[in-house]
Amino acid sequence: MTMRAETTTHTLSIGARLTLFYSVAILLATALFACVVYWRLEANFAAEHARFLEAKIAELKEDFSDGHGRPHALLSEIAKETAGTRLREYEARVISGARVLGETPSMGTELPTTVFPPEASAQDAIRRVRSVAVARHRFLLTSVTLAAPTGAKSLELQIALDVSRDTALLAAFREAMILTFLVLAPILILTGLWVAARGLAPLRRIAEAAQGVTPSRLAERIPMAPPWPRELAGLVVTFNGMLDRLEEAFGRLSRFSADLAHEIRTPLGNLIGEIEVSLRRPRSPEEYRATLESNLEECRRLGALIEDLLFLARAEHADVTLHKECVDGRKICDQAVARLNAAADPRGIHVSIEGDAEIHADPVLLRQALTNLLSNAVRHAPDGASVGVRLRKEDNGSAMIAVHNGGPPIAAEHLPRLFDRFYQVDPSRTHGAGQGTGLGLSIVQSIMALHGGTAMIESTKGAGTTATLLFPAEETPKAEMTEMSSD
């Protein structure tokens, strides 16, 4: 038996990431500052050392010249400045050939002549300084040639500048910075964790509130008080808006399920009832034929209902291709009216068309939308009334189709729900054409949404009811359609 190991990818939490970035950023900034300060401090010390050596060499050269090339005057000046204390600023040695003429006390044991660089001119000597460590001291060493006046012998001057205090200061600064980093790192981490916890507390509150939203508690919302941080206020508003839409969609789904069960139960009940009645006793062929014809009508109604539901499902899941083209709106209207003459003529209803417009739309879906609108208009129009279709091309390039029905007005409270599935205003408003599936206007709205247009209905007393379709001037694809469904 083989076992497959599952690897889990562990990612840092937002709080840990914020703490890490915050700590690293501050430590890097502190390190950069410390490096700049250390570099400037070291550079200043080096410049001061170079200036001191340059000034001291110039001073001793002047003393040598003032003594007319005699070493005594030079040795006296060096002894006066370096004798009598261990805290000497510098030490010096005067050499003539291979013989040491004089030097600072104890210099011979600490700084023999061999550790100094070769003698050079005053300018070169400053650039050829050598650094050496002796016991706990650090010296900068250089050798310079003192040219004597005419007739006198040149001398070699070896100078050792004690920079121990400056070196100790730099070392203490380095140790202080290391100690600062060792102490600062845990402080920054703990501070970062605390700051992140405080900053992310509103997100935890949002998560806790979201956990309270369940299918049975869709009315729960994230409270707006106390005020949220500005960065999260928009998120809370958006999340609550999403919950509003979910609650509305869930409510529509529940109503749709109930309406669908009711719509399917009615024809199935009719079928079962008629079949049971027919089977109670033997019937004549004519009676069986009448029962079968009635059952066939109910089956057709079920088939139409299923086709409409399939179309709405495809439209909502954007699984269709729109074959848009510029079509003659008047021609499409003529074809839709011709399909409804069989239902309108027996009741004396006249359907008129006026205007013309080119519409950028899918001709099959446009014809279906018009057929649904006209079917509703004819179904709810009084006998002998007229139904009008008006087409118009707007100045901005959009197209409008309006279907007018002069029948009884629709109450204002019903208008917002006319496009809901299975919604029926009043079955008593139907005049002899038979009940529809209650999905015709829902299909119209879905078709308009696919075209990026809008559908609206207005109804006023004395003016009748007008359904208007508005098609945009430019193509705004909403979905792709592979199958078409008829009303």
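The values are calculated or read from the model by the stated rules, or taken from the named source; none is laboratory data. If you're wondering where the values come from, they're calculated on a predicted model, not measured in any experiment. Neighbour counts run over all protein chains shown; Cβ positions are idealised from the backbone, glycine included. Side chains included, ligands, DNA and RNA excluded: accessible areas come from the protein's heavy atoms. Shrake-Rupley method; radii C 1.70, N 1.55, O 1.52, S 1.80 Å.
Tabulated data
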item	result
Residue in the stretch 95-105 that is closer than 18 Å to Ser76 by Cα, open to solvent by 20 Å² or more (accessible area, probe 1.4 Å), of a type in the set (Val, Ile, Thr) and without any contact (Cβ under 8 Å) to a residue 40 or more places away in the chain present	yes
Answer from Thr191, Thr145 - the residue that is more than 30 Å from Val24 (Cβ to Cβ), modelled with pLDDT under 90, among the polar types (S, T, N, Q) and surrounded by fewer than 18 Cβ atoms within 10 Å (Cβ to Cβ)	Thr145
Residues located in the stretch 426-481, provided they are within 47 Å of the chain's Cα centre (by Cα), modelled with pLDDT under 75, open to solvent by 40 Å² or more (accessible area, probe 1.4 Å) and not basic (Lys, Arg)	Glu474, Glu475, Thr476, Pro477, Glu480
Yes/no for Val236 being of a type in the set (A, V, I, L, M), open to solvent by less than 70 Å² (accessible area, probe 1.4 Å) and part of a loop (DSSP other than H, G, I, E, B)	no
Residue match in the stretch 122-135 (condition: in a strand (DSSP E or B), in contact with a Ser or Thr (Cβ under 9 Å, 6 or more places away or on another chain), more than 30 Å from Leu20 (Cβ to Cβ) and of a type in the set (Lys, Arg))	yes
Residue check, His414 touching a residue at least 24 places away in the same chain (Cβ under 8 Å), of a type outside the set (D, E, K, R) and either over 15 Å from Leu469 (Cα atoms) or surrounded by 20 or more Cβ atoms within 10 Å (Cβ to Cβ) (or both)	no
Any chance Glu42 is under 24 Å from Asp166 (Cβ atoms), charged (D, E, K, R), surrounded by 13 or more Cβ atoms within 10 Å (Cβ to Cβ) and in contact (Cβ under 8 Å) with a residue 12 or more places away in the chain	yes
Answer from Ala176, Ala171, Ala210 - the residue that is without any contact (Cβ under 8 Å) to a residue 40 or more places away in the chain, more than 29 Å from Ile26 (Cβ to Cβ), part of a helix (DSSP H, G or I) and among the small types (Gly, Ala, Ser)	Ala210
Verdict on Ser131 being on the phi > 0 side of the Ramachandran plot, polar (S, T, N, Q) and exposed (fewer than 14 other Cβ atoms within 10 Å of the Cβ)	no
Some residue of the stretch 113-126 being touching a Leu at 6+ places or on another chain (Cβ under 7 Å), under 17 Å from Glu54 (Cβ atoms) and among the small types (Gly, Ala, Ser)	no
Filter result for Glu231 (in a helix (DSSP H, G or I) and surrounded by fewer than 11 Cβ atoms within 10 Å (Cβ to Cβ))	yes
Residue in the stretch 334-346 that is in a helix (DSSP H, G or I), within 27 Å of Phe471 (Cα to Cα) and at pLDDT below 75 present	no
Criterion (open to solvent by 80 Å² or more (accessible area, probe 1.4 Å), hydrophobic (A, V, I, L, M, F, W, C) and under 30 Å from Val183 (Cβ atoms)) met by exactly one of Ile14, Ile26	Ile14
Yes/no for Thr180 being open to solvent by 40 Å² or more (accessible area, probe 1.4 Å), over 27 Å from the mean Cα position of the chain (by Cα) and under 22 Å from Thr19 (Cβ atoms)	yes
Subset of the stretch 278-306 that is open to solvent by 80 Å² or more (accessible area, probe 1.4 Å) and either closer than 30 Å to Val444 by Cβ or in contact (Cβ under 8 Å) with a residue 60 or more places away in the chain (or both) - its residue that is nearest to the chain's Cα centre (by Cα)	Ile306
Matching residues in the stretch 266-295 - criterion: being part of a helix (DSSP H, G or I) and hydroxyl-bearing (Ser, Thr, Tyr)	Thr266, Ser278, Tyr288, Thr291, Ser294
Residue check for Ala207: among the small types (Gly, Ala, Ser) and either modelled with pLDDT of 90 or more or open to solvent by 30 Å² or more (accessible area, probe 1.4 Å) (or both)	yes
Residue list for the stretch 45-94, restricted to those being within 60 Å of the chain's Cα centre (by Cα) and crowded, with 17+ Cβ neighbours inside 10 Å	His49
Top-ranked residue of the stretch 233-274 - restricted to ones that are among the small types (Gly, Ala, Ser) and closer than 30 Å to Gly199 by Cα, ranked as modelled with the highest pLDDT	Gly241
For Ala196: the one exception among (1) more than 30 Å from Gly251 (Cα to Cα); (2) among the small types (Gly, Ala, Ser); (3) open to solvent by 30 Å² or more (accessible area, probe 1.4 Å)	(3)
